[in-house]
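Okay, so here's the structure we're looking at.
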Amino acid sequence: MRSQKYAMLKQQLAVAAQFEDYKEAAKLRDSLRFEDAAKYRDELKILAPHSLLKCSSDATTLGIRVQVRSVYIESRSQPLKGQFFFAYRIRITNSSQRPVQLLKRHWIVTDGNGRTENIWGVGVVGEQPVIFPKTGFEYSSACPLSTPNGRMEGDFEMKHIDKAGSSTFNVAFAPFSLSILGDDNDVLL
């Protein structure tokens, strides 16, 4: 279907140019470009789905906001050996009315080949921080990959600490890209 439409647009463009109807030719040219862009966009989604993500994310769950930013660290990477090193910074802000404690983390790391690794751990960077209302906690860490791009997502298990027996809850952080190309804002939070 798409190739028939494309061929028809090309034929109409040739006719418009032959009759020197440049206004119509310009419209048809733009339609062809749109068709080309749509084709390449669809192919890009298949070939490099991670490149469509930004190297940052921002999500809020139950008043807990998690902002993430990643950057490629060229000085620690060895591309010829398939070693790509990415740093990321996470800012967690408690906009709720209750203090929380970060207990555990769960990362889902997917490399450019689609290989996924789940990583669970206690706390973050050796801490289980308590985050009081209207305050935050920030930390930096890193992720090595064997491909020049990938993605990370996951969640933190947290607990309100102002009432005994409070149940835990998960705070998600949205997917973000790990890319040697970065994006517009290659600065850590």
Ranked list, fewest to most other Cβ atoms within 10 Å of each Cβ, for Trp107, Trp120: Trp120, Trp107
Ranked on Cβ counts within 10 Å of their own Cβ, fewest leading, Ile119, Ile131 go Ile119, Ile131
Using alpha carbons only, how many angstrom separate the centre of the stretch 86-100 from the centre of the stretch 101-159? 12 Å
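Sum up the charges of everything whose Cβ sits under 9 Å from the Cβ of Ala174, counting Lys and Arg as +1 and Asp and Glu as -1, but leave Ala174 out. Let's see the in-between values first.
Numbers: positive: none; negative: Asp58, Glu153.
With Lys, Arg at +1 and Asp, Glu at -1, the neighbours total -2.
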On C-alpha positions alone, give me the angle between the axis of helix 2-18 and the longest principal axis of the chain, in degrees, nearest 10. 50 degrees
Ascending count of other beta-carbon atoms within 10 Å, so fewest first, for Glu157, Glu20, Glu74: Glu20, Glu74, Glu157
How much mean residue ellipticity at 222 nm does the chain get from its helices, if each DSSP H run of length 4 or more adds -39500 (n - 2.57) and you divide by all residues, to the nearest 500 deg cm²/dmol? -8000 deg cm²/dmol
How far is helix 22-47 tilted off the main Cα axis of the chain, in degrees rounded to 10, range 0 to 90? 40 degrees
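No value in this document is a laboratory result; all are computed from the given coordinates. Small disclaimer: the values here were computed from a predicted structure and weren't measured. Because the Cβ atoms are built from the backbone with ideal geometry, glycine has one as well, and the counts that use them run over all protein chains shown.
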